[in-house]
Structure formats: structure tokens, C-alpha cells
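Enquirer: This is the structure I want to talk about, given as C-alpha cells.
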Amino acid sequence: MDMLELIKSRRSIRRFEKRMPEKELIMKCLEAATWAPSATNQQPWEFIVLTGTALEKVNLINQENFAERMQSLDPFSGLPEEYGKRQQDIFRANIEAAEKDGFDPKDYLEKTLRFCDAPAAVYFVTHKRDDNQYVLSNAAAIENFLLAATAQGLGTCWLSVVIVCQQDVKEHLRISPEKELIAGIAVGYPATDSAFNTFDRTRVPADQITIWLE
Ligand SMILES: Cc1cc2nc3c(=O)[nH]c(=O)nc-3n(C[C@H](O)[C@H](O)[C@H](O)COP(=O)(O)O)c2cc1C
């Protein structure tokens with residue numbers, strides 16, 4: 001598969017087989033993450049891989065604290081109109097997928113808080129900084145991770161919901177207050193028969209959002 005095909009074949013996977021991905025495969029994805037560009041090559045990232053009871057405990061923490069932690073956040077208002085519309089589209093697609101897969105759409109949020117019931121999960125962790133350099137570097141590393149996973153037949157979902165309770169998760173995992181969780185990634189083998197993993201996705205064509213000056 002050429003690189004462009006690989007990039008387009010990556011998609012967010014929200015239902016997984018129970019089968020645990022091999023440790024070597026996950027480590028290969030993390031190695032790919034470390035080859036991302038980073039601000040002055042500081043490589044400002046650390047990874048926490050969770051499986052088994054360690055993952056179950058973190059899932060519980062996220063589920064128990066989410067409602068309270070969300071009270072101080074408002075991720076839905078003030079969005080540019082076209083972004084807000086696309087956000088609604090993805091919510092609708094996931095709710096329809098839940099219905100097709102035969103469970104209550106209201107459980108969708110709970111499910112994402114449990115890393116989509118994936119057998120493995122990875123947190124990307126960095127030191128806090130006022131500028132965005134470490135966040136940007138981690139975003140590059142995360143995309144490398146996702147692409148390497150796709151290339152090896154693994155499914156992933158980049159999740160922000162699992163960092164909403166980061167104070168609680170950090171305390172539990174004994175992560176220093178000077179550090180922050182950038183993202184959580186659900187990892188596992190994709191459930192091939194799930195509507196969550198097969199609904200159509202759209203992209204605005206690049207030529208509609210590009211200004212080309214000569
Ligand atoms: C910063 C970021 C945060 C995300 N958080 C979530 C999330 O909390 N829950 C979820 O279901 N998907 C989440 N996603 C996945 C996006 O919904 C997904 O990437 C988008 O709909 C495009 O679909 P695709 O990944 O299949 O191409 C997140 C993606 C990014 C980049």
C-alpha cells in the first residue's frame with residue numbers, strides 16, 4: 001500500500017475484538033511515534049500503555065468523574081458554523097452506528113469513556129508549557145502512531161473524552177502535576193462487522209480550502 005492510500009485507509013475504530021494486540025506490534029507503533037518531528041528535537045513525549053486490570057481501573061475513574069469534570073468545560077459552543085456542522089455530523093453517524101449495532105445510543109459516551117472497550121490503550125504524556133510546541137509535537141507523534149497501527153492491521157481511536165478527568169487519572173497513575181495528558185488512544189483489532197467502523201466519512205476537498213498564491 002502506498003503512503004497516500006495508507007493515510008486514507010486510517011479511520012477511527014470504535015468497536016474492537018477482545019483479542020489483545022501483541023506487545024511487539026504496539027511497541028512498533030510507539031517507535032513510529034518517536035520518529036515524528038518535534039520542536040528542536042526535544043521529543044517531549046512519554047507513553048503509558050494500559051491493558052487488563054490497569055485499564056479497567058482507569059476506565060472506572062473516567063466514568064465516575066466525567067460528569068463533574070465536564071461542568072467547567074464547554075466544548076460545544078462558540079464553534080465556527082461549518083466546524084459545528086461537521087461535529088453534529090459525526091455525532092449523528094456514531095448514534096446511528098450504535099442503533100445499527102443494537103445498543104442504546106445513550107451508552108455511546110460511556111463506551112468512549114471506557115476507551116471504546118478496546119483491549120489496550122495508550123496515553124500520550126508531556127510536560128506542561130504555556131506555548132503549544134509540546135502539544136503540536138505530540139500531535140505529530142500520535143498521527144505516526146495511528147498510521148503505523150493501521151499499517152499493521154490494528155485499529156485505533158484518538159480520544160479526548162479520556163483526558164477530561166486528567167487530574168484524577170494522573171493522581172491514580174502517579175504522574176507529576178507538571179505533566180499533562182495530551183490524548184488517549186484506544187488500540188486493538190477492529191471488529192469488522194460493526195457499523196461504527198464502516199460508516200461513510202467525508203472530507204472537504206483540499207482545493208476548496210486552499211489559497212494558492214504565485
Ligand atoms: C483531538 C481529537 C480528539 C478526538 N476525540 C474523540 C473523542 O473524544 N471521541 C471520539 O469518539 N472520537 C474522537 N476523535 C476522533 C474523531 O472523531 C475522528 O478523527 C473524526 O471524526 C474523523 O474521523 P476519522 O478519524 O475516522 O477519519 C478525536 C480526534 C482528534 C484528532
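Every number in this text was worked out from the coordinates using simple rules, so none of it is lab data. Here the structure is a predicted model, which is why all the values come from computation and not from measurement. Virtual Cβ from ideal backbone geometry, glycine too; neighbours counted across all protein chains shown.
Enquirer: Could you list, in their original order, any pairs among LYS85/LYS111; LYS57/LYS170; LYS111/LYS170; LYS106/LYS170 whose Cα atoms are separated by more than 18 Å?
Expert: Those over the limit are LYS85/LYS111; LYS111/LYS170; LYS106/LYS170.
Enquirer: Net charge near LEU50: determine it from the other residues with C-beta under 10 Å of the C-beta of LEU50, scoring Lys and Arg +1 and Asp and Glu -1.
Expert: Within the 10 Å Cβ shell, the charges total 0.
Enquirer: Which order do peptides 195-206, 148-159 fall in by mean Cβ count within 10 Å, highest first?
Expert: 148-159, 195-206
Enquirer: Cα gyration tensor of the chain, axes a ≥ b ≥ c as square roots of the eigenvalues: rounded (a/c below 1.5), prolate (a/b > b/c) or oblate?
Expert: rounded
Enquirer: Express in whole angstrom the spacing between the alpha-carbon centres of the range 111-173 and the range 176-214.
Expert: 12 Å
Enquirer: While we're looking at this one, here's another question. Go ahead and estimate [θ] at 222 nm for the chain from helices alone: -39,500 (n - 2.57) per DSSP H run with n ≥ 4, summed, over the residue count, rounded to 500.
Expert: -13500 deg cm²/dmol
Enquirer: Sticking with this one: As an exercise, identify the chymotrypsin sites (Phe, Trp or Tyr not before Pro) in the range 46-125 lying in DSSP coil whose Cβ has no more than 15 other Cβ atoms within 10 Å.
Expert: In loop regions of the range 46-125 (DSSP not H, G, I, E or B), the sparsely surrounded chymotrypsin sites (Phe, Trp or Tyr not before Pro) are PHE76, PHE103.
Enquirer: Taking 0.36 nm per intervening residue step and subtracting the Cα-Cα distance, what contour gain separates ASP131 from ASP207 on full extension?
Expert: That pair, ASP131 and ASP207, stretches by 24.3 nm at full extension.
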